[in-house]
Amino acid sequence: MAFSAKTPRSLIKSDLPSPIHRKLRKHKFLYFSNRRKTHQISSTQPQQQLSFLNTNSLNSSDPNSHLHLLCINGKLQEALNYLDSMQELQIPLDEDTAIGMVRLCEWKRAFEEGSKIYCYVSNSSNSLSLRLGNAFLSMFVRFGKLGDAWYVFGKMLERDVFSWNVLISGYAKKGFFDEALCLYHRMLWVGFKPDVYTFPCVLRTCGAVPNLERGKEVHVHVIRFGFEADVDVINALITMYVKCGDLPKARLLFDKMARRDRISWNAIISGYFENGEYLEGIRLFFKMREHWFDPDLMTMTSVISACESLGNERLGREIHGYVIVTGMSADVSVCNSLIQMYFSLGCWETAEKVFDRMEWRDVVSWTAMISGYENNVLPDKALDTYRMMELHGFVPDEITLASVLSACAYLGKLDMGIKLHELAKRTGFISYIIVANTLVDMYSKCKCIDKALEVFHSIPDKDVISWTAIILGLRLNNRCFEALIFFRQMKVSLKPNSVTLVSVLSACARIGGLMCGKEIHAYALRTGMALDGFLPNALLDMYVRCGRMGPAWNQFNSQKKDVSAWNILLTGYAQRGQGKLAVEFFNRMIKSNVHPDEITFIPLLCACSKSEMVTEGLKYFNSMELKYGVTPNLKHYACVVDLLGCAGQLEEAYEFIQEMPIKPDAAIWGAFLNACRIHRQVELGEFAAQRIFESDRRSVGYYVLLCNLYANSGKWDEVAKVRKMMKDNGLVIDPGCSWVEVKGKIHAFLSGDDFHPQINEINALLEGIYEKMRVAGLGGPKCDSMDGVEISKAEIFCGHSERLAVAFGLINTVPGTPIWVTKNLYMCQSCHSTIKFISKIVRREISVRDTEEFHHFKDGICSCGDLEILGKALTNTTSERN
């Protein structure tokens with residue numbers, strides 16, 4: 001069965017079905033459609049009054065010649081008015097004139113006018129000649145109206161290779177690659193021989209899919225039809241092979257070319273760059289110069305991008321010099337590439353010089369500067385540049401908005417972020433997923449998680465970045481429970497990447513979700529992502545923060561031991577107050593030839609502080625710069641203040657602050673305030689609080705420390721004043737919340753929450769324990785030895801939610817099963833004593849990780865030795881009371 005070249009037997013499969021054309025006597029309305037029904041297109045041009053036109057106004061000798069002359073002079077509207085007059089007088093339109101009018105409409109991008117002419121021609125004839133059909137075909141393809149083009153193709157009495165080429169290129173340009181290739185094969189089927197214009201289009205289509213097998217098939221056709229020596233066709237073959245990843249074949253074709261042009265060189269050079277072979281691409285660039293081919297703008301932009309990818313600053317500057325010598329530095333696209341390269345290399349000052357010297361800039365230039373500043377952690381400069389861009393009258397595009405929103409997220413500029421959100425709505429850029437994703441990230445980091453959720457739910461087609469942004473946002477806003485729920489929803493439709501897994505593991509670590517973390521570990525192993533990026537360290541951090549040092553060591557020994565991995569394990573020892581083990585581990589790190597960084601010394605100093613190893617801590621602090629070349633920053637100074645303060649050396653801590661070479665920040669004075677809280681030095685604590693609130697009035701933790709200081713000393717009037725200050729500043733203390741994992745499911749308990757399905761059983765169990773404590777002479781949760789000060793303080797700053805979590809674990813696990821609880825606040829003395837007692841009578845190991853450290857209870861003894869809990873919460877019953 002063969003197809004006729006004159007009329008198509010069936011339409012090829014397409015998302016743009018062919019129209020059904022209906023003839024109308026009145027042609028004021030044009031009937032074309034890309035749907036299988038009649039569609040009415042009304043001309044937007046005002047109806048012209050034709051009363052002034054009569055027989056005398058027309059060129060009586062040859063109206064078609066006059067109309068053709070109007071087309072040659074580009075007077076489309078006059079030509080259309082003249083055509084209307086000709087139609088009223090029933091003067092026929094000849095083919096050459098019609099072709100001239102169609103080409104004029106195509107040139108002027110006048111779709112409605114071109115459709116009007118087509119309607120006029122269709123009313124006059126049921127078929128189209130070759131030349132006129134090709135003209136209409138070219139016009140509709142240029143307008144992207146493939147359905148109309150296909151209908152014209154079907155009405156043509158005969159076709160030539162140009163007809164097929166136009167239709168094939170139309171489908172290819174619209175992204176219908178399979179349909180374009182199908183048309184090519186149908187063209188061969190009906191007996192047409194491809195020409196020099198057919199193959200480049202078809203080969204570009206094969207490269208765009210990419211489909212190497214079909215590309216090779218077309219290569220065979222090139223040889224069969226004798227085009228293997230044509231430069232344009234070989235260039236297209238080279239491009240096809242590099243797009244399909246077959247560089248050796250592309251290079252073979254290039255090397256065998258008897259004659260090359262600049263496009264040949266550009267094709268092979270850019271092909272190497274696209275496939276990551278940057279050095280070979282650079283070599284070919286220099287070889288191109290040796291063969292006396294001058295690179296064009298396309299060559300230079302790709303070479304500059306290759307220097308960026310290689311991270312070779314010296315080569316990049318040499319290419320920049322060549323650009324200046326050849327005079328191409330005046331081109332905007334080349335300068336934009338140079339700006340991006342210098343920012344990528346960290347040479348932002350040089351990028352600024354390139355930008356300042358540009359005579360003319362476009363939106364890409366400004367966007368390159370803004371995104372460059374943002375990527376180089378210069379968010380203030382990014383925002384300043386955006387303001388300058390607005391002053392110069394440039395309208396941002398979606399990439400600009402995303403970069404500025406990222407800078408707002410980094411700086412916490414919520415007000416500006418909201419304005420950009422409104423701008424995105426007005427301009428329609430909110431429909432771009434990159435803008436929506438960045439808005440989710442911005443609102444999350446500005447602590448407006450509900451607004452982030454609103455933007456997230458409005459995204460119609462969410463990608464992996466959308467889900468990752470909201471999961472990370474929920475984690476940052478301490479809504480880890482929801483983060484895990486969103487992760488499970490995401491896996492239904494999308495495959496998470498390593499960044500997603502890192503975000504979820506952080507949520508698991510925050511609430512002690514060990515089983516969930518293990519599931520993610522297993523998923524990473526199955527999918528081959530276990531070694532991707534920061535994921536190994538995220539797994540290590542999860543095990544450490546969930547209190548599982550055994551699995552943490554297994555993970556540590558199975559991965560690359562970079563400085564971050566050592567730091568994570570060192571942090572684990574610090575959280576447990578195991579100063580000696582931390583010091584031993586640090587020494588092992590040094591012996592392993594791993595150079596410590598500034599982060600390493602923070603957990604090391606904290607471990608020394610918790611273990612009251614003052615001498616060792618000071619030794620490591622003093623050796624940081626001298627021995628390891630690490631300059632102490634404010635965090636290290638804060639650790640030393642905590643080291644001295646927690647050991648009771650408050651005067652030494654104060655002197656240390658006074659002698660600091662840099663100005664102490666709120667964290668330094670916060671560490672001093674914490675020491676005053678532990679040792680109940682109210683006056684010194686008040687002095688520290690004054691210094692804190694001079695620079696930071698938004699951090700809730702400092703208010704809590706001050707409240708604790710007053711509460712430990714029974715100064716409840718002062719506590720009330722501090723809490724009023726917090727209320728006036730719009731600050732609230734998070735309610736006590738504890739999480740416990742039972743049978744792979746995480747359960748959360750809020751302070752005072754009576755809505756849990758098993759709350760009656762939990763309360764009954766706790767009452768039984770309290771009764772046993774009273775019988776044993778230990779008193780209940782509110783015994784006589786605890787005064788009202790301690791009781792009230794514990795209610796405010798503890799909430800006792802860990803008791804509910806422990807009781808739930810006892811009820812729902814078999815005897816002997818360890819119970820692991822994570823809490824968002826510190827543990828009060830009452831809860832500490834209660835859980836100690838529980839661990840003894842039920843003979844279970846119970847671990848509670850509060851906001852500061854791990855408490856591991858076994859046989860009525862806590863791993864902290866009661867030292868920390870006494871420092872935190874014990875109220876001296878002989879202290880003065882207001």
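The values are calculated or read from the model by the stated rules, or taken from the named source; none is laboratory data. It should be emphasised that the depicted structure is a prediction, and the values quoted were computed from it without experimental measurement. All Cβ positions, even for glycine, are placed from backbone atoms using ideal geometry, and neighbour counts span all protein chains on display. The area values use the complete protein model at the heavy-atom level, side chains included, leaving out ligands, DNA and RNA. Shrake-Rupley method; radii C 1.70, N 1.55, O 1.52, S 1.80 Å.
Calculated mean residue ellipticity, 222 nm, the chain: -20000 deg cm²/dmol, from DSSP H runs (n ≥ 4) at -39500 (n - 2.57) each, averaged per residue and rounded to 500. Here D255 and L157 are evaluated by their C-beta separation; at R0 = 60 Å the FRET efficiency comes out at 0.80.
Helix 414-427 and the longest principal axis of the C-alpha atoms of the chain enclose an angle of approximately 20°. Against the chain, whose longest principal axis comes from its Cα atoms, helix 76-88 is set at around 50 degrees. Dipole of the chain computed with +1 at Lys/Arg Cβ and -1 at Asp/Glu Cβ about the Cα centre; of S847, G346, G816, farthest Cα towards the positive end is G816. Multiplying the residue separation of H756 and D296 by 0.36 nm and subtracting their alpha-carbon distance yields 158.5 nm. At full extension, K627 and N126 could sit 171.1 nm farther apart than now, given 0.36 nm per residue minus the alpha carbon distance. Peptides 197-207, 369-379 ranked from most to least packed give 197-207, 369-379, packing being the mean of other C-beta atoms within 10 angstrom over each peptide's residues. Of the peptides 610-617, 89-96, the ranking by mean beta-carbon count within 10 Å, highest at the top, reads 610-617, 89-96.
Of interest is the spacing of the C-alpha centroids, which for segment 240-314 and segment 804-854 amounts to 65 Å.
Angle of helix 247-256 to the longest C-alpha principal axis of the chain, folded into 0 to 90 degrees and rounded to 10: 40°.
Peptides 66-72, 121-127, 440-446, ordered by how many other C-beta atoms sit within 10 Å of their residues on average, highest first, read 440-446, 66-72, 121-127. With protein chains left intact and a 1.4 Å probe, residues in the chain average 48 Å² of accessible area per residue.
Working note: Karplus 6.51/-1.76/1.60 with θ = phi - 60° gives segment 531-538 the couplings 10, 7, x, 8, 4, x, 5, 5 Hz, where Gly and Pro are set to x. Under the simplified labelling scheme, the K580-V196 pair shows an inter-label distance of 8.8 nm, with each label point 7 Å from Cα along Cα→Cβ.
Surface composition of the chain: carbon plus sulfur atoms hold 52% of the accessible area, using a 1.4 angstrom probe and ignoring ligands, DNA and RNA. Here's the picture: charge each Lys and Arg Cβ at +1 and each Asp and Glu Cβ at -1 in the chain, and of C408, Y523, V323 the one pushed furthest to the positive end of that dipole is Y523. Our estimate of slack between A208 and I223, defined as 0.36 nm per intervening residue step minus the Cα-Cα distance, is 3.2 nm. Taking amide H positions as modeled 1.01 Å from N, with prolines and chain starts lacking one, the residues under 5 Å from M156 and 5 or more places away or on another chain are L128. Take the Cβ atoms of N593 and K858, set R0 to 45 Å, and the FRET efficiency comes out at 0.75. When +1 charges are put on Lys and Arg Cβ atoms and -1 charges on Asp and Glu Cβ atoms, the dipole computed for the chain relative to its Cα centre reaches about 2660 debye.
Charge dipole of segment 705-783 (Cα centre as origin; +1 on each Lys and Arg Cβ, -1 on each Asp and Glu Cβ, all else neutral): 220 debye, rounded to the nearest 20.
With no solvent and one equal point scatterer per Cα, compute the Debye intensity ratio I(q)/I(0) for the chain at 0.05, 0.09, 0.11 Å⁻¹ and report its log10, rounded to two decimals. With no solvent term, the Cα-only Debye profile gives -0.47, -1.07, -1.39.
Rounding to the nearest 20 debye, state how big the charge dipole of segment 637-733 is about its Cα centre with +1 on each Lys and Arg Cβ and -1 on each Asp and Glu Cβ. Before the final figure, lay out each step's value.
Details: 11 positive and 13 negative charges, 115 e Å.
Dipole size: approximately 560 debye.
With no solvent and one point on each alpha carbon, what is the Debye value of log10 I(q)/I(0) for segment 637-733 at q = 0.12, 0.20, 0.21, 0.22 Å⁻¹? The Cα Debye sum returns log10 ratios of -0.35, -0.91, -0.99, -1.07.
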